[in-house]
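One structure is given below, encoded as structure tokens.
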Amino acid sequence: MRLSIPLLTLALCSSALHAQAAEPVPTRGQSMQTVLQQYGEPQERLAAVGKPPITRWVYPGFTVYFERRWTIHAVPHRPRHAAPPAAH
């Protein structure tokens, strides 16, 4: 019986991760214009760095990386966990 509780916990955590990964994010090859049309204005636009120039747009649930004006990757954000209480 003790083994089933950790397995249940693992299954629940795994389901939550799969649900998060299923959130729609831009796909490789989409233009900046297409991303704007589909997802709206990002919360933050970070300046391009490097050669070729890589730009990041930050949305509430994910960050999009562009090379020049084309999507190269979109990364879902991990949920933030509450900090453990301070020891007294």
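Only the coordinates and a few stated rules stand behind these numbers; no lab work does. Model, not experiment: these values are computed from the prediction. Methodologically, a virtual Cβ is constructed for each residue, glycine included, from the backbone with ideal geometry; neighbour enumeration extends over all protein chains shown.
Summarising the amide proton neighbourhood of F62: residues at separation of 5 or more, or on other chains, whose placed amide H is nearer than 5 Å comprise H77. Remark: R80, R45 ranked as R80, R45, counting other beta-carbon atoms within 10 Å and listing the fewest first.
Toward the positive end of the charge dipole of the stretch 24-79, with +1 on the Cβ of Lys and Arg and -1 on the Cβ of Asp and Glu, the farthest Cα among I54, S31, Q43 is that of I54.
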